[in-house]
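Just below is one structure, and these are the notes that go with it.
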Amino acid sequence: MSDEIRTALTFGGSEGSSGVSRRTLIKSAALGAALVGAGGALSACAAGGGGGAAGGSESQAAGEKTADNPFGVDKKAPLEVVIFDGGYGDEYGKAHVALYNDWAGSEVAKMTSTVKIATTLQPRFAGGTPPEVIDNSGADAMPTSALVDKNQLADLQPLLDAPSIDDPNTKIGDLMLPGAVEGGSFDGVFRQLGYVFSMWGFWYSKPLFDKNGWEPAKTWDDFFALCKEIKDQGKMAPFIHTGVHTQYMMNILTTMAIKHGGKDIMLGLDNLKPDAWANDSVLTAAKAVEKLYKDGYIMKGAEGMDHTTSQTQWLLGKAAVIPCGSWLENEMKGKVPEGFDMVVQPIPSLTSSDKMPFETLNGGAGEPFIVSEQAKNKPGAYEYLRRMLSKEGATKFSASTGSLVAVKGAGEDLKNPSTALKSVSDATAAAGDNVVSVSYAGWYAEMNDAGKREMANLTTGRSNADQFVAAMQKACDAVASDPKVKKYSRS
């Protein structure tokens with residue numbers, strides 16, 4: 001299974017990580033059939049270079065192990081870092097390189113950036129000269145599972161066991177957010193560090209809500225009452241979403257169902273259970289989405305809008321609430337009106353007696369960083385990642401990108417954060433361990449396609465909630481009973 005599929009929608013499961021970034025979500029939808037359908041054939045796309053660790057730990061330049069240098073890095077040894085120059089840019093990478101060089105005492109770490117990760121680096125893996133640290137992201141990312149099969153990725157367990165920069169009594173592993181380690185593990189070995197935390201929620205303009213006396217809703221009954229009030233004013237639509245990428249709304253629906261019925265709902269969806277979709281929690285969530293359409297709360301024309309078009313309409317004041325991930329502000333940089341002051345809230349609970357609290361978030365760790373097994377300075381790579389995960393490293397990343405690092409307390413030291421970033425930080429802190437997400441759409445192209453199709457039907461009135469549930473359960477049963485489809489599971 002490719003890294004892009006593995007990291008598309010999942011969090012905390014035994015098989016995947018949840019890089020819920022916008023580009024990964026959309027890319028997984030577009031390429032799901034090709035990648036997941038290929039099953040184990042992805043290993044054929046891996047760069048060559050054999051299965052051994054030639055040039056690996058045996059040839060590492062070593063220094064003395066100290067409290068400040070737990071990996072025994074030779075501070076004079078070169079370190080090469082390659083950053084994906086995508087939605088987060090590469091300025092944060094320059095800041096992290098500077099942190100490492102300040103520690104090493106000289107300009108030994110060098111960084112390059114590219115949007116063509118696989119095109120640039122697969123020949124180097126094949127030739128046995130890969131860089132130490134790679135931000136393996138974007139449309140041209142290398143399939144992580146294929147690299148694992150070729151023994152080309154280092155075991156990152158030493159990083160987890162190392163003391164953190166800010167508190168030597170706390171291990172790095174204890175800093176990671178729930179699910180981050182499991183999500184980056186392959187057959188129980190931690191190979192991939194999901195560096196960025198992303199979450200889903202309902203976004204709104206705080207000044208707009210304050211001006212109108214609107215209160216963010218904690219339950220769907222309250223949300224429908226708010227929608228009616230907004231609609232009755234006649235100035236804007238209560239709700240807008242991207243009708244082109246309906247997986248956004250599917251993410252909202254499954255989160256609602258999981259909060260309502262508990263984590264057993266999440267496990268049922270991912271494990272293709274006979275009642276994964278045919279249960280009261282999913283049906284209640286589907287009825288909530290159906291009501292959004294039937295009562296006219298969704299902005300007209302939303303079914304034809306892509307993500308940036310719907311987000312632009314929201315910024316222009318054409319709608320009050322939009323469901324999106326925590327990358328929203330950064331993605332719309334330069335288009336946000338002065339004083340808009342966007343904030344995010346958790347997705348409302350279906351009822352006041354849901355099994356999981358209102359603060360529960362759909363989220364996870366993405367933007368995968370890997371270390372080359374064949375690299376000449378593996379200890380330096382571990383130290384580089386350790387410094388990335390420090391409070392200073394996390395703060396520099398957030399200041400540059402408007403996003404949080406996937407460690408506990410990542411937003412605590414931010415100075416003058418935007419309203420968006422502060423609200424994400426506050427929501428993450430409030431959620432604690434109540435962070436969920438699903439993996440099925442990334443694992444099974446058929447389920448991803450069915451979800452997009454059936455959500456489009458539900459949000460346009462072409463089907464009702466009962467029909468939605470029946471269609472999704474039928475698709476689930478078909479995948480579960482197909483011996484040609486490789487199955488994944490989580491517990």
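Read-outs throughout are calculated quantities, based only on the coordinates presented, and are distinct from any laboratory measurement. Predicted model only: the values in this text are computed from it and were never measured. A quick note on method: Cβ atoms are made from the backbone with ideal geometry, for glycine too, and the neighbour counts reach across all protein chains shown.
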ask   = PRE reach from Ala98 (point 7 Å along Cα→Cβ): which of the stretch 393-419 fall under 14 Å by backbone N?
value = 393-401
ask   = Which of the aspartates and glutamates could be linked to Lys273 by a straight reach, that is with a Cα gap under 12 Å, when you skip same-chain ones fewer than 8 residues away?
value = Asp264, Asp477
Difference of contour (0.36 nm per residue) and Cα-Cα distance, Lys291 to Glu392 = 31.8 nm
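Run the numbers for Lys333 and Lys263: contour at 0.36 nm per residue of separation, minus the present Cα-Cα distance, in nm. Write out the running numbers ahead of the final one.
Values: separation 70, 0.36 × 70 = 25.20 nm, distance 3.52 nm.
Computed gain between Lys333 and Lys263 is 21.7 nm.
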ask   = Setting aside same-chain residues fewer than 8 positions from Lys318, which aspartates and glutamates have a Cα under 20 Å from its Cα?
value = Asp210, Glu215, Glu229, Asp232, Asp295, Glu303, Asp306, Glu329, Glu331, Glu338, Asp341
task = Give the residue from Leu385, Thr419, Ala480 lying farthest towards the positive end of the charge dipole for the stretch 335-491; charges sit on Cβ (+1 for Lys and Arg, -1 for Asp and Glu) and the dipole is referred to the Cα centre.
result = Leu385
ask   = Leaving out same-chain residues fewer than 8 places away, which aspartates and glutamates sit with a Cα under 17 Å from that of Lys94?
value = Glu80, Asp85, Asp102, Glu107, Glu132, Asp135, Glu367, Glu383, Glu392
key: Among Gln233, Pro178, Ala109 - extreme Cα towards positive end, dipole of the chain, charges at beta-carbon   = Gln233
ask   = Which of Met342, Gln157, Phe197 sits farthest toward the positive end of the charge dipole of the chain, with +1 on the Cβ of Lys and Arg and -1 on the Cβ of Asp and Glu?
value = Met342
query = What pairs from Lys171/Lys415; Lys150/Lys486; Lys376/Lys415; Lys228/Lys408; Lys171/Lys487; Lys211/Lys422 go past 31 Å between their alpha carbons?
reply = Lys376/Lys415; Lys228/Lys408; Lys171/Lys487
query = If the limit is 21 Å between Cα atoms, which of Lys65/Lys110; Lys206/Lys333; Lys116/Lys484; Lys259/Lys474; Lys206/Lys294 go over it?
reply = Lys65/Lys110; Lys116/Lys484; Lys259/Lys474; Lys206/Lys294
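Rounded to the nearest 500 deg cm²/dmol, what is the calculated helix-only ellipticity per residue at 222 nm for the chain, with -39500 (n - 2.57) per DSSP H run of length n ≥ 4? Kindly include the intermediate steps, with their values, before the conclusion.
Numbers: 21 runs with 206 residues, N = 491.
Helices in the chain give a 222 nm mean residue ellipticity of -12000 deg cm²/dmol.
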request  = Compute the relative contact order of the stretch 387-452 as a whole-number percentage, counting only Cα pairs closer than 8 Å that sit 6 or more residues apart in sequence.
outcome  = 20
key: Using a Förster distance of 45 Å, the FRET efficiency for Thr460-Ala62 (Cβ separation, nearest 0.05)   = 0.10
request  = May I ask you to order 180-189, 360-369, 409-418, 242-251 by the average number of other C-beta atoms within 10 Å around their residues, highest value first?
outcome  = 360-369, 242-251, 180-189, 409-418
note = Using alpha-carbon positions, the gyration tensor of the stretch 326-407 gives root eigenvalues a ≥ b ≥ c; with a/c under 1.5 called rounded, otherwise prolate if a/b exceeds b/c, else oblate, the class is oblate
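Where a ≥ b ≥ c are the square roots of the eigenvalues of the C-alpha gyration tensor, would you call the stretch 361-491 rounded, which needs a/c under 1.5, or, failing that, prolate if a/b is larger than b/c, or oblate?
Values: a/c = 3.26, a/b = 1.62, b/c = 2.01.
Judged from the Cα gyration tensor, the stretch 361-491 comes out oblate (a/c at least 1.5, b/c at or above a/b).
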